[in-house]
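Visitor: I am attaching a structure below and will ask some questions about it afterwards.
The values are calculated or read from the model by the stated rules, or taken from the named source; none is laboratory data. This is a predicted model, so every value here is computed, not measured. Every residue, glycine among them, receives a Cβ derived from its backbone with ideal geometry; neighbour counts consider all protein chains shown.
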Amino acid sequence: MNLDDFGTVAAAASRRRRRAPAWVGSKAPAVGGRWVRLGRRTYYGARRETRQRLPAGLYTLERDHEGDVIFERRDLEVDALVRFPGSIADQLLREIEAFWSLAPAFAEHGFLHRRGYLLYGPHGCGKSSIVRQVIHDVVQRDGVVLVCGAPAVLTRGLVVLRRIEPVRPVVCVLEDIDAIVAAHGDEELLSLLDGESQVDHVLNLATTNYPEQLDRRFVARPRRFDRVVRIDAADEHTRRSYLVTKLPGADAAELERWVVATEGLSLAALAEAVISVRCLGNAFEETIALLRRMSTGRASSREFAAGAGFAAPGRP
């Protein structure tokens with residue numbers, strides 16, 4: 001049997017050059033590539049570039065429709081970072097920086113090279129600033145930062161990362177850990193912190209404004225969180241260090257005026273004071289008074305309910 005047995009139409013068709021569908025070229029790798037294994041006997045050619053290392057940076061994680069973990073790199077755009085020599089924050093940062101070089105000491109004593117820090121304190125006191133400094137440092141060390149959305153996804157992501165890159169420095173950030181527990185429960189988070197999927201060369205860094213909402217299994221259990229550190233409002237030394245950086249050109253009297261007037265305010269409030277006065281041109285005294293009202297007051301819908309035609313619950 002040959003092509004002539006199918007008649008002239010088939011023969012003519014064979015002489016026409018058929019063009020492959022567009023999707024064929026779009027999924028074909030350019031040159032080289034790798035095979036992806038699906039099962040014992042099944043493979044397919046990788047359709048995209050493969051890498052042996054993730055680029056250093058900050059990543060969020062999610063699962064695709066097949067349950068695989070997707071790592072998405074995020075931009076690191078923050079205000080200029082300020083260190084406060086001699087402060088609790090500076091001591092903490094120095095300890096974390098030293099941690100990365102101590103893997104041999106951990107191994108010598110039979111411990112995984114991992115550490116956990118829980119930072120707590122009022123809003124705006126500098127917890128997030130410490131987190132950003134740690135992120136900046138580990139990225140400079142060619143490390144990877146993973147932000148915890150769902151603990152189960154982060155746990156799976158760590159397993160995947162360690163399978164491909166066993167010794168890469170990794171920081172897991174759990175901001176507002178009380179909200180993570182409320183959304184996903186204690187067990188998922190406990191599994192992440194000390195379950196069967198523990199991994200090496202990892203720093204867990206968590207923050208909360210409400211430590212009393214956390215079970216003692218988190219706040220009183222070393223090797224889950226080895227240090228539970230209170231971060232208070234900026235003291236005089238810290239405020240002075242911050243304002244020297246943010247008020248270039250201010251003379252000694254002006255700087256002292258700012259340091260005294262901002263006593264008791266958070267670092268976030270100090271940042272807003274500089275922006276309001278120096279960037280937006282608002283009056284100094286009015287700005288400080290407004291920030292103090294914000295720090296002690298609390299907005300409520302009762303302020304406008306009656307005027308907007310609403311009645312308080314239970315009232316006609």
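Visitor: Restricting attention to segment 102-118, report how many residues are part of a strand (DSSP E or B) and of a type outside the set (A, V, I, L, M, F, W, C).
Guide: 4
Visitor: Hey, among V171, V82, V160, which residue is more than 15 Å from the chain's Cα centre (by Cα), surrounded by 13 or more Cβ atoms within 10 Å (Cβ to Cβ) and not in a helix (DSSP H, G or I)?
Guide: V82
Visitor: As an exercise: evaluate A269 against (1) surrounded by 10 or more Cβ atoms within 10 Å (Cβ to Cβ); (2) in a loop (DSSP other than H, G, I, E, B); (3) modelled with pLDDT of 90 or more and give the number of the one condition it does not meet.
Guide: Every listed condition holds for A269 apart from (2).
Visitor: Right, next: In segment 47-63, is there at least one residue being more than 23 Å from V171 (Cβ to Cβ), in a strand (DSSP E or B), over 26 Å from the mean Cα position of the chain (by Cα) and not assigned by TED's automatic domain parsing to the domain that holds P169? Steps first, answer last, please.
Guide: Let us first name the residues in segment 47-63 that are more than 23 Å from V171 (Cβ to Cβ), namely 47-50.
Next, only the ones that are in a strand (DSSP E or B) stay: none.
No, that holds for no residue.
Visitor: Pull out all pairs, ordered by first then second residue, where Cβ-Cβ is under 7 Å, the residues are six or more apart or on different chains, the first lies in segment 251-264 and is closer than 19 Å to A233 by Cβ, and the second is in a helix (DSSP H, G or I) and of a type in the set (D, E).
Guide: Qualifying pairs under 7 Å: V259/E236.
Visitor: Being more than 25 Å from D75 (Cβ to Cβ), of a type in the set (S, T, N, Q) and out of contact with any Gly (no Cβ under 7 Å at 6 or more places or on another chain) is the requirement here; does Q91 meet it?
Guide: Judged against the criteria, Q91 is a match.
Visitor: Please pick out the residue among F99, F106 that is modelled with pLDDT of 95 or more and either farther than 30 Å from Q213 by Cβ or loosely packed, with under 12 Cβ neighbours inside 10 Å (or both).
Guide: Working: F99 fails: either farther than 30 Å from Q213 by Cβ or loosely packed, with under 12 Cβ neighbours inside 10 Å (or both).
None of the others qualify; the one that does is F106.
Visitor: Please enumerate the residues belonging to segment 142-189 that are of a type in the set (K, R) and closer than 22 Å to W100 by Cβ.
Guide: Passing the criteria: R162, R163, R168.
Visitor: Sort through L76, L54 and tell me the only one that's surrounded by 10 or more Cβ atoms within 10 Å (Cβ to Cβ), more than 14 Å from I164 (Cα to Cα) and not polar (S, T, N, Q).
Guide: L76
Visitor: So is V134 of a type in the set (V, I, T), part of a helix (DSSP H, G or I) and touching a residue at least 60 places away in the same chain (Cβ under 8 Å) or not?
Guide: yes
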